[in-house]
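Below you'll find the structure, written out as structure tokens, and then a few comments.
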Amino acid sequence: MPSLPTWSRSLGPLVLADLRRRYAGSVLGGLWAVLAPLLEVAAYALVFGWILETVRGPGMPYTVLIASGLFPWMWFREAIEGCSTLLPDNRWLRRSRVPAELLVLRLVLSSSVRALVGLLVVFGYAAVSGSRTSIEGWLSPFAALFLQAVTAYGLGLLVAPVATLVPDSRPSLVSILTLLTFASPILYPESIVAGPLQSLLLWNPFTHLLHLYRSPIEPVALTSLSLSWAVATGAAAASLAAGMAARRRLWWRARDLL
Amino acid sequence: MSTAIEVVSVSKVFGMPGATAVAALDDVSFDVAPGSALAVVGENGSGKSTLLDVLLGMTRPSSGSVRVEGEAAALLELGAGFFHELTGRQNAVQQALLAGASSASAQALARQAAEFAELGDFFDRPVRSYSAGMLMRLGFAIASNLQAPVVVIDEVLAVGDGYFQRKCIERLLEMRRARVTLVIAAHDLHALRSLCDRALWLQHGRVAALGAVDDVLASYEEHLRRRSAATSAPPLSGGTGEVLIRRVRLTDRDGVEQSEFRSGETLRVEVEFETLRPLDSPVMGIALFRDDGVYCYGPNTLFDGRLAESYDGRYILTAEFEELPLLAGRYQASVSFYDKDHVYAYAWHHRLYPFSMRTERKDHGLVWLRHRFEVRRVGDPR
């Protein structure tokens, strides 16, 4: 099978073709990449912020809070869910020398458009509101982007063969991802979570990724930025290690089932 | 380096969750010398595709070892390895890059593939719009231009049209002359004979035969004929019963009963029959079948315009086939007695009398036909 330097040269055209496939052909084209998540943000803002009026936190407007968290989360969710059907969707892989890593990484990268929209929202609001965060604060969203890509890549390498070898894991994965959506401070500010639930929230690596993403516009975090860096980096490294181990041990067995 | 491919005691077991494990390959060993071509034959499910997958490292053997010297290019399944949103050209570049080519040589390969595949404007359209034949053209054009020392092809050539199939075979012959090692699985035994010098016959995942291509394919063909004979309709008899077929003998020209005849010698079919009432000008016929059911020949007394008379009693009908031109194989004779208008049968025995033919000739087909070859010069080169 081709080595990493060999197959990584194929990545660019594949990601571009995937983006074109997703967005070309529709009347609004690439605008959908922005429009669809914006509509989703608007829906959440309408329900939680305006109708229920239950979520109120200090600092940024609620819509900005949701947008800065939901966009990166949607990226992660789309990539992981895509990986869970990657093998059955590409049965031809069994009889080709296209490496599995290439398909997983393509999926992670071509889904990342949403996260980039999230970054735009964060930096846009930071500029408008005159944020005075530190250099680390400005750089943290980029680090978050990279660490989340590594995490999604590692978990994708793990999820793809597991979902094929254990068919029941696919519906479970959807439930887990839904649970994680609400177990992360995406739709609500951390400050409204009280007591033991707050420390539970801090066990979730995505909470720390959100700290990094929001650092230019959320100067008051419940934990220090450096802790978030450490946790997010650890989660990325652990995911990558799990993914590489799955690549070595599980992919061959999963391919044989296609 | 004495071998290009070395396969030692390879077994492959597929274990499906909740199902019995299936042994797709069972203790398979062989090697392929550099520059030679191995035909892989066997019925569907015999393990051919799994063997090629193992050779190319697309699945791991459960036990045993595989060694392939150098890069191998493969054409295993239509569309496998193609990204359907990319164009034919982009896929050609991708495949070349994945095979380790530089960007410049990948572009060059794409140009060569475009020229070979003759897909016209389609070469620059997304592969998802391709027909099966176009996918085959693209796949073959890429695999055969990758300049790999080993090329493995699995049963996809049959998809192409006649023109492109011939083009592929010519390219494969060129590759043989260039000492490329080939492994080809196919059902077109004629093409395999032309392309390969050795053959491997797989049966239920095991090696049934391995050796010179003519010998192995002859054994395989014989096996297929027997299978076909075993599964086709069993020999039957019937009729109104107004004629009783008492005995049928197959003899040589001297009247000695035989079960095997040499091609070109005489076959006599002697039919002892009895009429149960006086019959006017019955039509008597003999038919010869190959044991896979091919109807070889069927003369009768109506078409020959003879024996128009009344019969009442016991008789022996003799049909003599002088210089029987059937080629080697297993055959059966049928016997029938019809009314004078050839509408209903008094008695018939369908493929009840087996015999075999042997010959030293290597000609392919059903019969040997008198022929000669001649070449005349009709002009000078341009």
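Where a number appears in this text, it was derived from the coordinates with a stated rule and is not lab data. Here the structure is a predicted model, which means the values were calculated and not measured. Neighbour counts run over all protein chains shown; Cβ positions are idealised from the backbone, glycine included.
Given N residues in the range B:262-382, what is its alpha carbon radius of gyration divided by 2.2 N^0.38 Å?
With N residues counted in the range B:262-382, Rg over 2.2 N^0.38 Å equals 1.42.
If you average the sequence gap of Cα pairs under 8 Å that are 6 or more apart and divide by the length of the range A:117-254, what percent do you get for the contact order?
Relative contact order of the range A:117-254: 46 percent.
Based solely on C-alpha atoms, express the radius of gyration and the Dmax of the range B:172-258 in angstrom.
21.4, 69
Could you please tell me the mean projected area of the C-alpha convex hull for chain A, averaged over all directions and given in square nanometres to one decimal?
Averaged projected area of chain A's Cα convex hull equals 14.9 nm².
First select every other residue whose beta carbon is under 9 angstrom from the beta carbon of A:Met60; then total the charges, Lys and Arg +1, Asp and Glu -1.
0
For A:94-103, what's the mean count of beta carbons from other chains sitting within 10 Å of each residue's beta carbon?
Average per residue, whole number: 6.
Helix-derived [θ] at 222 nm for chain B: sum -39500 (n - 2.57) over DSSP H runs of at least 4, divide by residue count, nearest 500?
Taken over chain B, the calculation gives -7500 deg cm²/dmol.
Give me D for the range A:84-158 in µm² s⁻¹, whole number, from Stokes-Einstein with Rh from the Kirkwood sum over alpha-carbon pairs, 4 °C and 1.567 mPa s. Kindly include the intermediate steps, with their values, before the conclusion.
Details: Rh = 14.6 Å.
This corresponds to a translational diffusion coefficient of 89 µm²/s.
For chain A, modelled as a Gaussian network with Cα springs under 10 Å, which listed residue fluctuates most, A:Ala152, A:Ala36, A:Ala115?
Comparing A:Ala152, A:Ala36, A:Ala115 in the GNM, the peak value goes to A:Ala36.
For the range B:42-122, what are the per-bin percents of Cα-Cα distances with bins 5 Å wide, up to the bin holding the maximum?
Going from the shortest bin to the longest, the percentages are 3, 13, 18, 21, 16, 12, 11, 5, 1, 0.
Which value in Å is the Kirkwood Rh of chain B over different Cα pairs?
By the Kirkwood definition, the hydrodynamic radius is 24.9 Å.
How high is the FRET efficiency between B:His84 and A:Leu139 when r is their beta carbon distance and R₀ equals 45 Å, given to the nearest 0.05? List each step's numbers first, then the result.
Numbers: r = 39 Å, r/R0 = 0.87.
FRET efficiency, B:His84 to A:Leu139: 0.70.
As a test of understanding, state the convex hull volume per residue of the range B:316-382 from its alpha carbons, in Å³.
Considering the Cα atoms of the range B:316-382, their hull volume per residue is 209 Å³.
Against the empirical 2.2 N^0.38 Å scaling, what ratio does the C-alpha Rg of the range B:1-90 come to?
Scaled against compact globular proteins, the figure is 1.25.
How long, wide and thick is the protein assembly as shown, going by the Cα atoms along their three principal axes, in whole angstroms, largest first?
119, 64, 49
Counting other beta carbons within 10 Å of each Cβ, put B:Arg382, B:Arg198 in order, fewest first.
With the fewest neighbours first, B:Arg382, B:Arg198 line up as B:Arg382, B:Arg198.
Among A:Arg248, A:Arg77, A:Arg170, determine the one that fluctuates most according to a GNM of chain A built with springs between C-alpha atoms less than 10 Å apart.
Its mean-square fluctuation being the largest, the pick is A:Arg248.
Mind checking which helices in chain A clear 27 Å along their axis (Cα) and have mean Kyte-Doolittle hydropathy of -0.5 or more, DSSP H runs only?
Once both thresholds are applied, what remains is A:62-84, A:135-165, A:225-249.
Provide the net charge surrounding B:Leu25, with neighbours chosen by a C-beta distance below 11 Å and charges set as Lys +1, Arg +1, Asp -1, Glu -1.
0
Could you tell me what % of all Cα pairs in the range B:107-198 have separations over 16 Å?
53
Could you give each residue of the range B:40-47 its phi-based ³J(HN,Hα) in whole Hz, using Karplus coefficients 6.51, -1.76, 1.60 with θ = phi - 60°, and x for Gly or Pro?
In residue order, the calculated couplings are 10, 10, x, 6, 4, x, 7, x Hz.
For the range B:194-341, which semi-axes, largest first and in whole Å, follow from the square roots of 5 times the eigenvalues of its Cα gyration tensor?
Three semi-axes, in Å: 39, 17, 13.
Normalised by the number of residues in chain B, what is the relative contact order in percent for Cα pairs under 8 Å and 6+ residues apart?
It rounds to 14 percent for chain B.
Would you calculate, for chain A, the mean residue ellipticity at 222 nm contributed by helices, counting each DSSP H stretch of 4 or more residues as -39,500 (n - 2.57) and dividing by all residues, to the nearest 500? Walk me through the numbers before you get to the answer.
Working: 13 runs with 182 residues, N = 258.
That comes out to -22500 deg cm²/dmol.
For the ranges A:14-22, B:178-186, B:354-362, what's the packing order if you count other beta-carbon atoms within 10 Å of each residue, average per peptide, and put the highest first?
Output ranking for A:14-22, B:178-186, B:354-362: B:178-186, A:14-22, B:354-362.
Return the distance in nm (one decimal) between the two label points of a simple spin-label model at B:Tyr163 and A:Glu40, each offset 7 Å from Cα along Cα→Cβ.
It works out to 5.0 nm between the two label points.
Taking Cα atoms of the range B:5-46, Rg/Rh with Kirkwood Rh, to two decimals?
1.10
From other protein chains only, count the Cβ atoms within 10 Å of every residue's Cβ in A:72-84, then give the mean.
0
Over the range B:55-199, what is the relative contact order in percent, taking alpha-carbon pairs closer than 8 angstrom and at least six residues apart?
Reported relative contact order: 26 percent.
With θ set to phi - 60° and the Karplus curve 6.51 cos²θ - 1.76 cosθ + 1.60, what are the ³J(HN,Hα) couplings of the range A:253-258 in order, to the nearest whole Hz, using x for Gly and Pro?
Per residue, the Karplus-derived 3J(HN,Hα) values read 5, 5, 4, 5, 8, 6 Hz.
Residues of B:71-82, mean number of Cβ from any other protein chain within 10 Å of their own Cβ, rounded to a whole number?
3
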